[in-house]
Structures are given as structure tokens and as C-alpha cells.
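The values are calculated or read from the model by the stated rules, or taken from the named source; none is laboratory data. Computed from a prediction, not measured in an experiment: that's the story for all the values here. All Cβ positions, glycine included, derive from the backbone under ideal geometry; neighbour counts span all protein chains shown.
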């Protein structure tokens with residue numbers, strides 16, 4: 001046991017590996033569940049949801065909830081250790097990391113001029129990427 005309620009199990013490791021092998025895409029918990037079951041792993045839906053929830057708590061996986069759609073939340077591997085903004089494409093679900101001086105200046109502007117400190121690890125700007133905007 002790793003800590004109270006924190007176990008490393010084969011199933012949790014399978015969920016972790018699923019996201020690590022597909023770093024550039026977002027998936028619903030149902031898609032993860034279906035993939036693992038399709039690979040022959042006997043895993044319960046609740047186990048998948050709990051594993052994803054724990055990976056989110058640990059910061060390894062990030063949760064994106066589609067605003068105003070009532071659709072299922074999507075999850076993606078989170079390789080970020082340094083704070084920076086993210087861009088998410090509404091068409092393909094791709095995530096881009098924005099780690100540049102202009103983005104940092106934007107965050108400082110929001111703090112200085114609007115009195116609001118962005119949590120850059122959780123800030124996601126939503127739009128369309130250049131591949132989908134063709």
C-alpha cells in the first residue's frame with residue numbers, strides 16, 4: 001500500500017499505461033474501459049473511473065469537462081511539471097502547451113490589471129487548431 005487508500009494495482013497501472021501511450025489525445029473513461037476490455041483485461045467500469053480519478057489527484061492525468069454540452073468529461077496524460085497555459089482544439093481534442101514569454105505576460109497582465117491569479121496548470125484556452133481550421 002502506498003498511502004491510505006492508495007494502492008498500485010495491475011488495473012490502475014493498465015489505465016496509467018493507456019494514457020502514457022496516447023499522450024496527445026483525450027479519452028472518456030468509457031473509451032478507456034472499452035479499450036482495456038477489448039484487450040482482454042477483466043476490469044470493472046468502477047475500477048476504471050476510480051483509477052482515472054486517482055491519476056487526476058496525482059496530477060498525472062488532466063480532466064477536461066466539455067462546457068455546456070452535458071457530454072462526458074475527457075481525460076489526457078499530463079506531462080506538465082512547470083506552470084504554463086494550454087490550448088485545446090474543440091474538433092480533434094488535441095492539446096498544445098504554451099510556454100512562452102507572451103503567455104507569461106498575459107498571465108501577469110490578468111494578475112496586475114484584473115486582480116486575478118491564473119492557475120496556469122489548469123488554464124486551458126479552447127478553440128480550433130490550424131489542422132482542423134482548414
Selection from region 73-116 of residues that are surrounded by 11 or more Cβ atoms within 10 Å (Cβ to Cβ), in a loop (DSSP other than H, G, I, E, B) and in contact with a helix residue (DSSP H, G or I) (Cβ under 7 Å, 6 or more places away or on another chain) = 84
Answer yes or no: is there a residue in region 37-48 that is under 14 Å from the mean Cα position of the chain (by Cα), loosely packed, with under 15 Cβ neighbours inside 10 Å and over 27 Å from residue 91 (Cα atoms).
-> no
Hey, any hits in region 13-32 for a residue that's more than 21 Å from residue 89 (Cβ to Cβ), at pLDDT below 90, surrounded by 11 or more Cβ atoms within 10 Å (Cβ to Cβ) and not assigned by TED's automatic domain parsing to the domain that holds residue 91?
-> no
